[in-house]
Each structure stands twice: as structure tokens, then as C-alpha cells.
Amino acid sequence: MTYAAIGLVLYSGYTLCFERMFLAWDTTLNQWDELILVVYNMGWLYNVFTGIAIILYMRGAAQNFARARMIESVLVAWACSLPLVSCFFSNRWRTSKIFGGEPDHVFKQHNYDADLLLTMLAAVSWCC
């Protein structure tokens, strides 16, 4: 689970810092003027910070096997909340539509569900 959290932190950080492909420094992280952008940025920041928290938690938990039930509860809660937050608030098109905006007006570039579906399929494939 630690490797999945590391991948999540790296991917989420990349997505926050580079809106366009090919490493063009054009970030939504500097934009906090609209509610849609705030929610979108907070969704990705949730992914980053919970990923870091899981990495740190698993590092400390590896030394104490007596807390296995607690570890399992934390991991299950994280694994259940992450897809929900990612699905609704880490997708530019969906976040715009939930809050009544047009993705073309808010973001310079947006995708539909292709990236989200690939990410979710990769997560499910890795876990199973």
C-alpha cells in the first residue's frame, strides 16, 4: 500500500503543477479565484496529503504488528474515501458541472473521463 500512496502523491503533485502535457508550467494551483478551481485544487491536495499521511502511517505501523486491526481500518477508510473524492472533485469536467460552470471557461484544457477511468482501473488492477 505504501507504493500505491507514493504513486498517488507523485501523480497528484504532477497534476496540480502541470495543467498541460509535456511539462509546461501552467498550473491551476496558482488559481484560487473561482469556487470550481478551489474545489478542484482541494480535491488534488486531499490526494497528496492523505497519500503522505498513509506513507508515514505505514512506516510507523510496520514496526508494530499488534495494531493490525487498526491499520486495516485506516487503510480501508482511505481506500474508500479516495475514489469518491477523486471521482467528483479531481476531474475538471465533473467539478465544473457539479458547481454549474462550463469547463471550457474555467480550465484551459480539460478531459472527460478517460484519465479518471484509467487511474481507477490501474488502482483496482494493482490492488487485486
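The values are calculated or read from the model by the stated rules, or taken from the named source; none is laboratory data. Keep in mind it's a predicted model, so treat the numbers as computed, not measured. Cβ coordinates were reconstructed from backbone atoms using ideal geometry, including for glycine residues, and neighbour counts include every protein chain displayed. Accessible surface areas use protein heavy atoms only, side chains included; no ligands, DNA or RNA. Shrake-Rupley method; radii C 1.70, N 1.55, O 1.52, S 1.80 Å.
Residues are listed down the side, and each one gets a yes or a no for (1) modelled with pLDDT of 85 or more; (2) more than 17 Å from residue 44 (Cα to Cα); (3) outside any helix (DSSP H, G or I):
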{"residue": "95", "(1), (2), (3)": "yes, no, no"}
{"residue": "110", "(1), (2), (3)": "no, no, yes"}
{"residue": "116", "(1), (2), (3)": "no, no, no"}
{"residue": "120", "(1), (2), (3)": "no, no, no"}
{"residue": "123", "(1), (2), (3)": "no, no, no"}
Within the stretch 69-94, tally of residues that are open to solvent by less than 60 Å² (accessible area, probe 1.4 Å) and more than 27 Å from residue 29 (Cα to Cα): 3
Which numbered condition residue 23 fails, given (1) outside any helix (DSSP H, G or I); (2) modelled with pLDDT of 85 or more: (2)
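Being at pLDDT 75 or above, buried (at least 16 other Cβ atoms within 10 Å of the Cβ) and under 16 Å from residue 85 (Cα atoms) is the requirement here; does residue 15 meet it?
yes
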